[in-house]
Amino acid sequence: MGLTEEQINSIMETNGHDIENAKKSVGDVEALKTENETLKGNVADRDKDLKALKKQLGDNEELTKQATDLQAKYDEDIKSLTAQLNQTKLNGALDTLLSGAKARTPKTVKGLLDMVKIKLTEDGKLDGVDDQLNALKKSDGYLFDEGTQTHYDPNGGSGPQDPDPAQALVDVFKSSVTEKLNH
């Protein structure tokens, strides 16, 4: 491919960083799965407790009301825990996406995103973030690590084009002394 050994080493180092970032994000997925299974177990236990309590209640209105209140509380808890789990999943997916987009400081980039427009789909993908990231890359490209530019060739990159100022003064002095001696 015509690459130098230095270029190959640079590519391998960048690839190594990407692999490490991907490994870190996989650990977050496992934690989410464990948390999800724990929550499902808690819900199942609560449902069993409620069914057992309802059987014991019989016709007692006061106990029935308490059971209904408990059911409402448990339903609200489940709703809250589900919302927290979904937010955790969204944050994990967004962190993984920002890492893949080579955001220098993902927390800063996340703060610039309109989180209301970002949704996590059923298949675990983020919706509404790509356009925002592309806009940020255009307006605030310094937030993303795009690597080094190898085609950059500034004017005068081959050394100074101006004459040495000290030598210029010496030449002017010599020419004025020579001119005075000749007259």
Given the residues LYS102, LYS137, LYS79, which is the only one that is modelled with pLDDT of 85 or more, surrounded by 11 or more Cβ atoms within 10 Å (Cβ to Cβ) and under 30 Å from THR34 (Cα atoms)?
-> LYS102
Of the residues in the stretch 74-120, those that are among the hydroxyl-bearing types (Ser, Thr, Tyr) and in a loop (DSSP other than H, G, I, E, B) number 1
Could you check, for the stretch 121-130, whether at least one of its residues is modelled with pLDDT of 85 or more, part of a helix (DSSP H, G or I) and under 30 Å from ALA31 (Cβ atoms)?
-> yes
Within the stretch 63-90, tally of residues that are within 30 Å of VAL129 (Cβ to Cβ) and basic (Lys, Arg) | 2
Can you pull out the residues in the stretch 141-161 that are modelled with pLDDT of 70 or more and open to solvent by less than 40 Å² (accessible area, probe 1.4 Å)?
-> GLY141, LEU143, PHE144
Filtered residues of the stretch 90-139 (kept if more than 23 Å from HIS17 (Cα to Cα) and among the acidic types (Asp, Glu)) = ASP114, GLU122, ASP123, ASP127, ASP131
Looking at (1) farther than 30 Å from THR34 by Cα; (2) surrounded by 15 or more Cβ atoms within 10 Å (Cβ to Cβ); (3) over 16 Å from the mean Cα position of the chain (by Cα), can you tell me which one LEU50 breaks?
-> (1)
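The values are calculated or read from the model by the stated rules, or taken from the named source; none is laboratory data. Quantities reported herein were computed from a predicted structural model and do not represent experimental measurements. Quick reminder, even Gly has a Cβ in these numbers, built from the backbone with ideal geometry, and neighbours come from all protein chains shown. To get the accessible areas, we keep the full protein, side chains included, count just its heavy atoms, and leave off ligands, DNA and RNA. Shrake-Rupley method; radii C 1.70, N 1.55, O 1.52, S 1.80 Å.
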